[in-house]
Amino acid sequence: MQAGKFYGTFIDPLLNKIHSLGARTIPKGAKVIDIACGNGVLARKIAAKAAHVTGIDLSTEMIDYARKQSEKAGIKNLEFVEMDATDLSGFKDQEFDVATISMAVHQFSLETSNMILKELSRISKEIVVIDYNFPLPGGFNGLITRIIEWFAGIEHNGNFKAYLKYGGIIPIAKECGLNSNVVFGRKKSVFTVVKLKHIEAKGYSL
């Protein structure tokens, strides 16, 4: 099965609610970049209210699938570009109103996460991160999450464990000089939505 279709069939339904919550944080008429966009499901949700959305991903297969789905839906204010999230030098400072990154920070090493977040804070006024909550809940939901991450492979699972050991997105963001505003992330929630901005940014309250 094609990777984009696999995610659309098995993974996206699990993330539908949290993606909808994340999309709601986007101001109407905003210019948005969606990092590590995968099959484009979050980007398509955001495009319903944004002025324009650029989705980037390193996978040619995912980008091709995302483009086809966007064309089928008749979405005109959305483009997909094959690009490495660790090199965003092609974008100008503060080019975007918002940068979004969903279920990707935990996949990267801490060094790579820091590099990406710092670049996102350069090219956008605000960052919206959707990822695993910390602490990850116990019980059935927490167990299933850990099993899924184990099946994702040794490197992926190792980065996931490092993400949790570090304390999740908030301390990672702080190390990058970013303030965190938790939009969603109840105590027993598997997922969280967090807004990030420069610590020195004016008009931003926690």
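The values are calculated or read from the model by the stated rules, or taken from the named source; none is laboratory data. Computed from a predicted structure; not experimentally measured. Cβ: placed from backbone, ideal geometry, glycine included. Neighbour counts: every protein chain shown.
Brief remarks follow.
- Scope segment 160-175; condition over 15 Å from the mean Cα position of the chain (by Cα) and of a type in the set (A, V, I, L, M, F, W, C); matching residues: Ala162, Leu164
- Considering the conditions (1) surrounded by fewer than 19 Cβ atoms within 10 Å (Cβ to Cβ); (2) under 18 Å from the mean Cα position of the chain (by Cα), Cys37 is excluded by exactly one of them, (1).
- Per-region count, segment 84-122, residues in contact with a Phe, Trp or Tyr (Cβ under 8 Å, 6 or more places away or on another chain) and under 21 Å from Lys28 (Cβ atoms): 0
- Only residues that are surrounded by fewer than 21 Cβ atoms within 10 Å (Cβ to Cβ) and either among the basic types (Lys, Arg) or within 15 Å of the chain's Cα centre (by Cα) (or both) were counted across segment 15-34, and they come to 9.
- Test: Asn157 is more than 18 Å from the chain's Cα centre (by Cα) and either of a type in the set (Asp, Glu) or in a helix (DSSP H, G or I) (or both): no
- Checklist (1) over 22 Å from Ile33 (Cα atoms); (2) not in a helix (DSSP H, G or I); (3) not charged (D, E, K, R) applied to Ile130, failing item: (1)
- Any pair with Cβ under 7 angstrom, 6 or more apart, that starts in segment 108-128 at a residue that is over 16 Å from Gly55 (Cα atoms) and ends at one that is among the acidic types (Asp, Glu) and surrounded by fewer than 17 Cβ atoms within 10 Å (Cβ to Cβ): Asn114/Glu175; Arg122/Asp93
- Extreme residue, modelled with the highest pLDDT, among residues of segment 176-206 that are under 16 Å from the mean Cα position of the chain (by Cα) and part of a loop (DSSP other than H, G, I, E, B): Val190
- Within segment 53-67, the set of residues being surrounded by fewer than 21 Cβ atoms within 10 Å (Cβ to Cβ) and more than 16 Å from the chain's Cα centre (by Cα) comprises Thr60, Glu61, Asp64, Arg67.
- The C-beta contact set for segment 62-83 (first residue farther than 20 Å from Ile35 by Cβ, second residue of a type outside the set (Val, Ile, Thr), distance under 8 angstrom, 6+ apart or interchain) comprises Ala73/Arg44.
- Candidates in segment 177-201 are the residues that are under 19 Å from Leu15 (Cα atoms), free of Cβ contacts under 8 Å to residues at least 60 places away in the same chain and not β-branched (Val, Ile, Thr); of these, the one that is surrounded by the most Cβ atoms within 10 Å (Cβ to Cβ) is Gly185.
- Residues of segment 162-176 include at least one that is surrounded by 15 or more Cβ atoms within 10 Å (Cβ to Cβ) and on the phi > 0 side of the Ramachandran plot.
- Just one residue in the set Ser121, Ser102 is surrounded by 15 or more Cβ atoms within 10 Å (Cβ to Cβ), under 24 Å from Asn16 (Cβ atoms), touching a His at 6+ places or on another chain (Cβ under 9 Å) and of a type in the set (S, T, N, Q); that residue is Ser102.
- Qualifying residue in segment 69-91 (condition: touching a Leu at 6+ places or on another chain (Cβ under 6 Å), more than 24 Å from Lys197 (Cβ to Cβ) and surrounded by 15 or more Cβ atoms within 10 Å (Cβ to Cβ)): yes
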